[in-house]
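A.B. asks: Dropping the structure in here first, questions after.
The values are calculated or read from the model by the stated rules, or taken from the named source; none is laboratory data. The structure displayed is predicted, hence computed values, not measured ones. Neighbour counts run over all protein chains shown; Cβ positions are idealised from the backbone, glycine included.
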């Protein structure tokens, strides 16, 4: 390699001797308050599928369920195709730690061979200046993973309060890294929790499930590499200890990279 | 029972002798073109979790992956909690037919005990008259499951074409049935495929993955039963043989019942 490995690639790296099970290690670079940043965990689940020798095509959709807290240290990821068709492949994956028989993470995914078809994007990237001239967001808590993202809000400070949870920002890896499917997944969990936005301050939260739907294929990402993305998110509802989040992620040049949604446990 | 069983309840009914595996049968009432309506299949996966003796709480999120075509006849559903915490529970489920070792369906879900918290709904139901006075949608293909929904579009015929895939409609079970979690799941797959809307005609499609995020709890649905819902959906992008769909479902009285997302394979 000509360049030093990016901390994100180290964070999602897996090693395998058998092919059936891969082992990884939590990353201090992407540590959150009491467990790893969910975005790297979700990207690691995808990585186990991407590296699998039986993989067909590329990710269309990934759902990651955060069942238990991951502790610092090693973990094991099992990923296997549940069913493979001519052009689509469905995946199951789990992450375990130590001798705990219950998985900390479960995941499913759909992979497919992309085809040339009629296409259109209905969700155009909002037109905003930047990110040069915009201030880099300084989070109220110094969490390691937040140092790994350069986030610049375009309209208002996310803790400004108000009746809408919508935020819009430019986002880039620190240091810069061209987005691939794994990077897109992590970006999709880097949105500030919507309950923080509505309450104007951090509160205890935990994502319980995250889905990423992919709209840009690997060929497009390779042809026109993207190190800067525009991210928009909002919630539909906060109720009974859970709220949702719907997000969109565009490349700097306006390509829609992914749409994402999650359900978040909150205490408030 | 005082009343005859609703065809939807027959369609998602499961029988069990051991508790570990439940058996069901495809429903002629909810048959689609070449396989069962995905909404009843998704609801059946949820039903297996709802009926499980170890269930904790109620559904927060459900993801169902359509891996293979279901044939007419019996099927087996295995659902098990992958991890149970104090207030949340994560589920894995699969559906098999015959001696096929690969599942036709995989699913994950998060269940939880709802708590009384700060709450707000950002996505208010659009204000539209009806459904009285609006024409019931007559689909171009006579598919059995479409007879089971009374759908009335509020703004334009879904095949009117145009640059937006958004549709808005009133929707009710035929005959009327109070919505519960299973009914909500099926409603979330009853939206007309977005590619039909954009191309102005039916084309070959298949939902590959569907997620439902639940915003109304069982107590609310029991206290104020709802047999009429308002449904809104749109796509963000159509590309490389797949498009997404984002939907919202409100009760007639304005309660947000669910938000839903899917990825759809299409040929065009």
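A.B. asks: Taking the stretch A:110-154 as the region of interest, how many residues are part of a strand (DSSP E or B), under 30 Å from residue B:163 (Cα atoms) and in contact (Cβ under 8 Å) with a residue 24 or more places away in the chain?
C.D. replies: Adding up the residues that qualify gives 4.
A.B. asks: Taking the condition of being more than 14 Å from every other protein chain (Cβ to nearest Cβ), out of contact with any helix residue (DSSP H, G or I) (no Cβ under 8 Å at 6 or more places or on another chain) and over 12 Å from residue A:227 (Cβ atoms), how many residues in the stretch A:161-186 meet it?
C.D. replies: 2
A.B. asks: If you check residue B:158 against the conditions, is it over 15 Å from the mean Cα position of the chain (by Cα), more than 14 Å from every other protein chain (Cβ to nearest Cβ), on the phi < 0 side of the Ramachandran plot and at pLDDT below 95?
C.D. replies: Considered against the rule, which asks whether it is over 15 Å from the mean Cα position of the chain (by Cα), more than 14 Å from every other protein chain (Cβ to nearest Cβ), on the phi < 0 side of the Ramachandran plot and at pLDDT below 95, residue B:158 comes out as yes.
A.B. asks: Within the stretch A:232-251, is there a residue that is away from every other protein chain (no Cβ under 13 Å) and either out of contact with any strand residue (DSSP E or B) (no Cβ under 9 Å at 6 or more places or on another chain) or in contact (Cβ under 8 Å) with a residue 24 or more places away in the chain (or both)?
C.D. replies: No: zero hits.
A.B. asks: Okay, next question. I'm trying to understand the selection: among the residues of the stretch A:83-106, which are in contact (Cβ under 8 Å) with a residue 24 or more places away in the chain, closer than 15 Å to residue B:103 by Cβ and in contact with a strand residue (DSSP E or B) (Cβ under 6 Å, 6 or more places away or on another chain)?
C.D. replies: Across the stretch A:83-106, the qualifying residues are A:88, A:89, A:91, A:93, A:106.
Residue-wise test of (1) buried (at least 19 other Cβ atoms within 10 Å of the Cβ); (2) assigned to a loop (DSSP other than H, G, I, E, B); (3) over 17 Å from the mean Cα position of the chain (by Cα).
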| site | (1), (2), (3) |
| --- | --- |
| A:202 | no, yes, yes |
| A:207 | yes, no, no |
| A:211 | yes, no, no |
| A:219 | no, no, yes |
| A:238 | yes, no, yes |
| A:246 | yes, no, no |
| A:250 | yes, no, no |
| A:258 | yes, no, no |
| A:268 | no, yes, yes |
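A.B. asks: Answer yes if at least one residue in the stretch A:93-100 is outside any loop (DSSP other than H, G, I, E, B) and either surrounded by fewer than 21 Cβ atoms within 10 Å (Cβ to Cβ) or out of contact with any helix residue (DSSP H, G or I) (no Cβ under 7 Å at 6 or more places or on another chain) (or both), and no otherwise.
C.D. replies: yes
A.B. asks: Looking at A:67, A:43, A:107, can you tell me which residue is closer than 24 Å to residue A:244 by Cα, more than 11 Å from chain B (Cβ to nearest Cβ), buried (at least 24 other Cβ atoms within 10 Å of the Cβ) and modelled with pLDDT of 95 or more?
C.D. replies: From the options A:67, A:43, A:107, the qualifying one is A:43.
A.B. asks: Since residue A:197 meets every condition but one in (1) more than 12 Å from chain B (Cβ to nearest Cβ); (2) part of a helix (DSSP H, G or I); (3) touching a strand residue (DSSP E or B) at 6+ places or on another chain (Cβ under 8 Å), which condition does it not meet?
C.D. replies: Answer for residue A:197: the failing condition is (1).
A.B. asks: Which one is surrounded by the most Cβ atoms within 10 Å (Cβ to Cβ) among residues in the stretch B:221-236 that are part of a strand (DSSP E or B) and out of contact with any helix residue (DSSP H, G or I) (no Cβ under 8 Å at 6 or more places or on another chain)? Walk me through it before giving the result.
C.D. replies: At the first step, the residues of the stretch B:221-236 found to be part of a strand (DSSP E or B) are B:229-234.
Filter once more, keeping what is out of contact with any helix residue (DSSP H, G or I) (no Cβ under 8 Å at 6 or more places or on another chain): B:230, B:232.
Details: B:230: 22, B:232: 19.
It comes out as B:230.
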